[in-house]
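See structure below.
The values are calculated or read from the model by the stated rules, or taken from the named source; none is laboratory data. Since we're looking at a predicted model, the values are computed, not measured. Note that each Cβ is placed from the backbone with ideal geometry, even for glycine, and that neighbours are counted across all protein chains shown. Just so you know, the surface numbers come from the protein's heavy atoms only, side chains and all, with ligands and any DNA or RNA stripped out. Shrake-Rupley method; radii C 1.70, N 1.55, O 1.52, S 1.80 Å.
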Amino acid sequence: MVEWRKVIPESRDRLQSKVLVWVVGMMLVTPLPVIALLSLHSARSGVMALKALGISLTFGVLVWALRAATPMAAFLGGVVCFWVIIGTGYTNSSLFRSGLTPLGVLFVLTFAATKAGRRRKVKLGVAEGKRGRNAAQIVANLGAAGLVIVCGYFGVFDALCCHGGIIAFSMYAVPLGVLAAMCEATADTVSSEIGQAFGGRPVMLTTLRRVEAGTDGAVTVFGTIAGIAGAAVVAAVGMWAMRMTGRAAMVGFAGGVAGLFFDSLLGATVERKGWLGNDLVNFSSTVFAVLVALGLAVWTAR
């Protein structure tokens, strides 16, 4: 049995993760039948939904087959994949011109970073389990991206419009929020995994004092640079795939980087005090990245 090394009691951490999976998971899964019925009203959107479903199932099976995630985590990853495709794609275009492409890049980068330097991570006791990421980790990293699209479908952003009322803010907010969440998830995973493998002894973000690897809130310069570089790649790919302007992609990238540092700040404070577990901290950070990106978009539009 692996020794529990977190400050937060293991029972509290497990409870928080279960609540996170149930609440966010239900918010992602429950609306799917409604969207499926709406898609039937249009031949093109119906075909797109069927293609998105097929790709999402393939994505989930592939993730599970590679042991990158547990069965439930692979299922939820497939659900997010479906939302990302239909929420950012176009009925008259290739499905790769959607959030599917940056999502695929996110998976490749984070999978490679997780596998890198595994022997050292095992020695340090910070290596990921052989079954891959669990459902809580998938929701923590990708749940915010799916929720942005759900909010867009149900008109949450419709009340917010760009100045002049020419373009509905929801048309701009959805791909921007999705990109910010993906950039943060990539940056967070790559920075921690690469930092633990090759970054040497990390420092605490709040005090800049050196601490042991795996300490909540600890960062390495090499890991941070790698994480930001990974986010930049996702932002560049997302700009092309989701037909975003360079300015919008930069805003999404900025939101993702802000979320990366917010994650470390939460880790150094509330997580080290035992108030929040890692999954809830990660989810909060992706939500923060989305809010920062949307806030910057509104502010720069003035």
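So, residue 276, is that one crowded, with 22+ Cβ neighbours inside 10 Å and modelled with pLDDT under 95 or not? Can you show your working first?
Details: crowded, with 22+ Cβ neighbours inside 10 Å: yes; modelled with pLDDT under 95: yes.
For residue 276, the condition - crowded, with 22+ Cβ neighbours inside 10 Å and modelled with pLDDT under 95 - is met.
Looking only at region 243-252, decide whether some residue is without any contact (Cβ under 8 Å) to a residue 24 or more places away in the chain, over 16 Å from the mean Cα position of the chain (by Cα) and not in a helix (DSSP H, G or I).
yes
How many residues does region 39-97 hold that are part of a helix (DSSP H, G or I), open to solvent by 80 Å² or more (accessible area, probe 1.4 Å), at pLDDT below 90 and of a type in the set (A, V, I, L, M)?
Total meeting the criteria: 4.
What residue, among those in region 196-234 that are hydroxyl-bearing (Ser, Thr, Tyr) and surrounded by 15 or more Cβ atoms within 10 Å (Cβ to Cβ), is nearest to residue 182 (Cα to Cα)?
First, pick out the residues of region 196-234 that are hydroxyl-bearing (Ser, Thr, Tyr): 206-207, 215, 220, 224.
After this cut, where a residue has to be surrounded by 15 or more Cβ atoms within 10 Å (Cβ to Cβ) as well, the list is 215, 220, 224.
Numbers: 215: 24, 220: 21, 224: 16 Å.
Only one residue tops the list, namely 224.
Report the residue count in region 252-272 for those that are buried (at least 24 other Cβ atoms within 10 Å of the Cβ) and at pLDDT 95 or above.
Matching residues across region 252-272 total 7.
Only residues that are among the hydrophobic types (A, V, I, L, M, F, W, C), under 18 Å from residue 179 (Cβ atoms) and over 15 Å from the mean Cα position of the chain (by Cα): list them for region 253-302, please.
The answer is 294, 296, 297, 298, 299, 301.
Where the second residue is surrounded by fewer than 24 Cβ atoms within 10 Å (Cβ to Cβ) and of a type in the set (Ser, Thr, Tyr) and the first is outside any helix (DSSP H, G or I) and lies in region 180-199, which pairs have Cβ atoms under 7 Å and are six or more apart or on separate chains?
199/220
Just to be sure, is residue 213 touching a residue at least 60 places away in the same chain (Cβ under 8 Å), on the phi < 0 side of the Ramachandran plot and in contact with a Lys or Arg (Cβ under 6 Å, 6 or more places away or on another chain)? So that I can check it myself, show each step before the final result.
Details: touching a residue at least 60 places away in the same chain (Cβ under 8 Å): yes; on the phi < 0 side of the Ramachandran plot: yes; in contact with a Lys or Arg (Cβ under 6 Å, 6 or more places away or on another chain): no.
Against the criterion (touching a residue at least 60 places away in the same chain (Cβ under 8 Å), on the phi < 0 side of the Ramachandran plot and in contact with a Lys or Arg (Cβ under 6 Å, 6 or more places away or on another chain)), residue 213 does not qualify.
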